[in-house]
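Below: one structure, written as structure tokens.
The values are calculated or read from the model by the stated rules, or taken from the named source; none is laboratory data. Small disclaimer: the values here were computed from a predicted structure and weren't measured. Note that each Cβ is placed from the backbone with ideal geometry, even for glycine, and that neighbours are counted across all protein chains shown. The protein model used for the area step is the full one, side chains on, heavy atoms only, and it has no ligands, DNA or RNA in it. Shrake-Rupley method; radii C 1.70, N 1.55, O 1.52, S 1.80 Å.
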Amino acid sequence: MREFLLIGIGAGDPDYLTLQAIKAINRVDVFFVLDKRAETAELTRFRRQVCEQFATDRPWRFVTLQDPVRDQGQERYTSVVEDWHDARARLLEQAIRTELEEGQCGALLLWGDPALYDSAMRLMEIIQARGNLALDYRVIPGITSVQALAAGHRIPLNRIGEPVHVTTGRQLAKGFPEDLDAVLVMLDGDLSYRKVMEEDMEIFWGAYLGTEDEILISGPAKDVTPRIEQARLTGRAAKGWIMDTYLLRRTRRSD
Ligand SMILES: C[S@@+](CC[C@H](N)C(=O)[O-])C[C@H]1O[C@@H](n2cnc3c(N)ncnc32)[C@H](O)[C@@H]1O
């Protein structure tokens, strides 16, 4: 049996690592990295730094895998993503078989928390279901970008009794959810708030949260979104990629 750990490392600041994550990192023989784009080169460097700083108890090594490219077809989104997960699971299974010996411990260092818009648990389930490799896995939680956003702006994610709704830009573009006054939005490369913004909405936006490049902008959405859009352009031009998250809500609740 090989052991595998999915370790949440927080969404940007090495200080987000929990004591549990540091203990887990020190049990790992092989760290696997699925590297896909220019942006992940910097994230891969971050992971290596985390290991160099915190994995001090035993020898370890990095195995970098070239992530399969995802078909960008928009129409069959769910099945495209499922196919991509399947391809990634096969790649990871093969790498675990060849790079990790029986009795050793492997890991993926996952940005933020493994439970929030991350496919690693799904990959583990696919590998287990295929039944070719005896693998036991555990999940170590991490600080999400959503928590980093709330801390950066010093706001609770919900007002009194209000639900917390986390969604994607892709979903928001279909319309602001009925019966909600606030949404947290991730994975929004298309500025989907433009499609749903109302006169009285406010926005709490953050990019590169937790890192030395962190940018925070908040205020009435109609006033501050031009600044957000400028900051996105400047950030993307300087670094080649951007990761941003925001809370968009009606200033006055409807209930
Ligand atoms: C694939 S999801 C992974 C989320 C991650 N598991 C988490 O717990 O935050 C990637 C999205 O998370 C958000 N994100 C992750 N890290 C971020 C950061 N440091 N600053 C702002 N947004 C971030 C962005 O919306 C990005 O498009």
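Of all DSSP beta bridges confined to the chain, the antiparallel ones make up roughly 45%. The value of relative contact order for the chain, using C-alpha pairs under 8 Å at least six residues apart, is 23 percent. Rolling a 1.4 Å probe over the protein heavy atoms gives the chain an accessible area of 51 Å² per residue. Per atom type, segment 145-255 shows carbon and sulfur on 51% of its accessible surface, probed at 1.4 Å.
If you only keep lysine pairs separated by 8 or more in sequence, or across chains, how many in the chain come under 25 Å at the Cα atoms? If you can, show how the numbers build up before the last one.
Details: 36/239; 174/195; 174/222; 195/222.
Counting lysine pairs in the chain gives 4.
Which trypsin sites (Lys or Arg not before Pro) in segment 67-111 pass both tests, a DSSP loop state and at most 14 other beta-carbon atoms within 10 Å? Don't jump to the answer; show the numbers that get you there.
On the way: sites: 70, 76, 88, 90, 97; in loops: 70, 76.
Hits after loop and neighbour filter: 70, 76.
Annotation note: trypsin sites (Lys or Arg not before Pro) in segment 1-62 located in DSSP loop regions with a Cβ neighbour count of at most 14 within 10 Å are 37. Calculated mean residue ellipticity, 222 nm, the chain: -11500 deg cm²/dmol, from DSSP H runs (n ≥ 4) at -39500 (n - 2.57) each, averaged per residue and rounded to 500.
Extension gain for the segment residue 52 to residue 23, taken as residue separation times 0.36 nm less the Cα-Cα distance, is 9.0 nm to one decimal.
The trypsin sites (Lys or Arg not before Pro) of segment 141-245 that DSSP puts in a loop, and whose beta carbon has at most 14 other beta carbons within 10 Å, are 154, 159, 174. Give the shape of segment 76-124 as rounded, prolate or oblate, defined through the alpha-carbon gyration tensor: a ≥ b ≥ c are the square roots of its eigenvalues, a/c under 1.5 means rounded, and otherwise the shape is prolate if a/b is larger than b/c and oblate if not. It comes out oblate by the Cα gyration axes. Could you compute the longest span of the chain free of GluC sites (Glu not before Pro) located in DSSP loops and having at most 12 other Cβ atoms within 10 Å, not counting the site residues? Free of exposed loop sites, the longest segment is 103-177.
3J(HN,Hα) along segment 116-127: 10, 6, 9, 9, 4, 5, 4, 4, 4, 5, 5, 4 Hz, from the Karplus curve 6.51 cos²θ - 1.76 cosθ + 1.60 with θ = phi - 60°, whole Hz, x for Gly and Pro. Which of rounded, prolate, oblate describes segment 2-143, given a ≥ b ≥ c as roots of the alpha-carbon gyration tensor eigenvalues and a/c under 1.5 marking rounded, otherwise prolate only if a/b is larger than b/c? Since a/c reaches 1.5 but b/c is at least a/b, the shape of segment 2-143 is classed as oblate.
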